[in-house]
Amino acid sequence: MKRRNLLRKVTSSVLVSALALGITACGSSTSSKNDTAAQKGEEVVQEAAAISADEFKDTTINIRVMNEYRNLDKVVAKYEEMVANDPILSKIHLNFSFVAGGDYKDKLTMALAAQEDYDLMFCGGWHGLSNFIQEGDFADLSGYFNNDNYPGLKAAFPEDFTKAMTTYLRQEDGTYKTGIYGINLASFYEDSRGFLYREDLRKKYNCDPITDEESLMEFVKTVAENEKDMEGVSLSNFFRLDSPWYTAKHEHVYTQDNVNIFGDQTWVYVGLSDDNGTVLNAVVAGDDSAEFELMPEGYQYDFITEYTQERTKWNDYLFESRGTTDVVEPDAAITYCALTEYESKVKTLLEKIPEAECGFYVIDEAQRNREEGAVVCDMVTNNWLVVPEWSEKTDATMYFLNWMFGSKEAHDLFELGLEGVDWTANGTDGYIPADISEDEKYFMPTYSFTLNPNYVRKSEFVMSNEEINAQYDYILDASSYKLSPLAGFVFDASNVETEVANISALSNELQLTLSMYDADTAKQKIDKWHEEAEKVGLETVRDELVKQIQEFLNAKNAN
């Protein structure tokens, strides 16, 4: 209990210091006014000014995306044609290049180190986005958003979206500076996770409609017993099946990528007060009861270990060689599938089994029932566009993006290509690819350059499937989401770098997410992990995490 008293003391001290926290948000430049505002704890955003057509000179912006585009020249030529009479856009020219995904991180790191001549680049969250932001590599674009001088960006990135894109940079003194250091690329804020299931087999064996986990399990069991050449579950990823990941967030208990500092094998759950303003505790599997007693009601026991043990009930229906890469999995009754992967997985299955029928089961019950506000998340994806801090063409770059995100016509051009040549419209919200050769067809890795929730055209496959179309409508509807109070938090591990590395190494050995063990063995593995993690600094890291989240919430709520 000595550590717990210390934690209460630290948390209390952080709460007292809330009034001293300074928050700043900068536009395309900084000034002494911003410094003064920071000292007063005020937030100041400098709006980007409108570009003067008389003073603006011909400018070529250099753009680099991840993975290959094809037949881009005809789209750029169409852009030049569309803006030919615009006094500013007619002077903004585009020079594209790409780097293959496997090489992208290394090339990105090299480009930033050498300050290469790029004005707009793709950067994935997995490429080290937060570290690059912390090091000052990317320009703060705050002033271009919610700005009447840039109406296209204002329309495509409404206030909630810009809030979600805002980064909170923790300073050495514990204060936070805010800014928009990247433009998030998303066609929705979070994918629906679920399973593709064999509807033809459900009918064949007269199984009940699959509406919940019980009926899903019964279907899997039936297929496994009767189809000897098939597996019950294709486990590329169980992805939080029946886990507290989704449901707990509605009761002020959060786990998400930005707090899972030890990796996905040992999730960290953070308990907040009813107003989401105070950190109650952060817990991991195997913690003693004193840790869980500080959590919100309903989570005052080791619910994490309980979930891990409960999930082992699926083990009998999983591929015995799961976790290996040198064997081919047999066909399965159900296959893990995100909603946006469903179309491609169905088409691949039909190439192999033309008579197959498919259905889609959404894991989270609230999402399955399409409840309003059911998806509590960061409302951003891992895909970002960034402007290098040293670029001298930021205004021109943002002016072009203002145009591209400013209308469906402009966005469709770079997302789908030439209308009537590469695609045709299917109603107001759909599209049909043109029947032309791959050599002629336009292709852009859209996750790397164009995606935006306001400009989504659904495929003919989606629109012709009533259930799938309805689920798409749900994930495209902003009212389906709530912004997590931990959105924007980034853990600064500099004070506990060694401890985090050592605990993460222990976590990576567990393989709990593959359900490799029976329930008793899983519990033993967790207890052993926890014992070893405590020896290498688990409590030190917990205190640091709680302290930083509290400082973050104080800064965010003071705004």
Exactly one of PHE443, PHE449 is in contact with a strand residue (DSSP E or B) (Cβ under 9 Å, 6 or more places away or on another chain) and buried (at least 20 other Cβ atoms within 10 Å of the Cβ), and that one is PHE449
Within region 503-559, residues of a type in the set (Asp, Glu), in contact (Cβ under 8 Å) with a residue 60 or more places away in the chain and either within 20 Å of LEU294 (Cβ to Cβ) or not assigned by TED's automatic domain parsing to the domain that holds GLY271 (or both) come out as GLU539, ASP543, GLU551
Region 407-504: helices (runs of 4 or more DSSP H) wholly inside it with 3 or more residues that are not hydrophobic (A, V, I, L, M, F, W, C) are 408-416, 466-476
Would you be able to say whether some residue in region 197-216 is over 30 Å from LEU129 (Cβ atoms), assigned to a strand (DSSP E or B), in contact (Cβ under 8 Å) with a residue 60 or more places away in the chain and in the same structural domain as ILE353 (by TED's automatic domain parsing)?
yes
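Out of curiosity, is VAL386 in contact with a strand residue (DSSP E or B) (Cβ under 6 Å, 6 or more places away or on another chain), aliphatic (A, V, I, L, M) and not assigned by TED's automatic domain parsing to the domain that holds TYR269?
On the way: in contact with a strand residue (DSSP E or B) (Cβ under 6 Å, 6 or more places away or on another chain): yes; aliphatic (A, V, I, L, M): yes; not assigned by TED's automatic domain parsing to the domain that holds TYR269: yes.
In short, yes.
What do you reckon, is LYS74 closer than 24 Å to ASP140 by Cα and at pLDDT 95 or above? Don't jump to the end; show me each part of the working.
Details: closer than 24 Å to ASP140 by Cα: no; at pLDDT 95 or above: yes.
So LYS74 fails the test.
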Answer yes if at least one residue in region 442-463 is among the basic types (Lys, Arg), in contact with a Phe, Trp or Tyr (Cβ under 9 Å, 6 or more places away or on another chain) and touching a residue at least 40 places away in the same chain (Cβ under 8 Å), and no otherwise. yes
Would you confirm whether or not region 245-259 contains a residue that is basic (Lys, Arg) and touching a residue at least 60 places away in the same chain (Cβ under 8 Å)? yes
LYS57 vs (1) touching a helix residue (DSSP H, G or I) at 6+ places or on another chain (Cβ under 6 Å); (2) modelled with pLDDT of 90 or more: all pass except (1)
Residue pairs qualifying under the 8 Å Cβ cut-off, at least six apart or on distinct chains, with the first in region 336-355 being under 10 Å from GLY194 (Cα atoms) and the second being of a type outside the set (Phe, Trp, Tyr) and assigned to a helix (DSSP H, G or I), are CYS337/LYS345; LEU339/ILE468; LEU339/GLN471; LEU339/ILE475; TYR342/ILE468
Subset of region 173-191, residues under 21 Å from CYS337 (Cα atoms) and either touching a Pro at 6+ places or on another chain (Cβ under 9 Å) or buried (at least 22 other Cβ atoms within 10 Å of the Cβ) (or both), comes to ALA186, SER187, PHE188, TYR189
- Task: Report yes if THR162 is under 22 Å from LEU401 (Cβ atoms), β-branched (Val, Ile, Thr), in contact with a strand residue (DSSP E or B) (Cβ under 6 Å, 6 or more places away or on another chain) and surrounded by fewer than 22 Cβ atoms within 10 Å (Cβ to Cβ), otherwise no.
- Result: no
Check on GLU539, farther than 30 Å from ASP316 by Cβ and charged (D, E, K, R): yes
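Take SER494 and tell me if it is outside the structural domain of PHE319 (by TED's automatic domain parsing) and over 30 Å from PRO158 (Cβ atoms). Write out each step before concluding.
Values: outside the structural domain of PHE319 (by TED's automatic domain parsing): no; over 30 Å from PRO158 (Cβ atoms): yes.
In short, no.
The values are calculated or read from the model by the stated rules, or taken from the named source; none is laboratory data. All of these numbers come straight from a predicted model, not from anything done at the bench. Cβ: placed from backbone, ideal geometry, glycine included. Neighbour counts: every protein chain shown.
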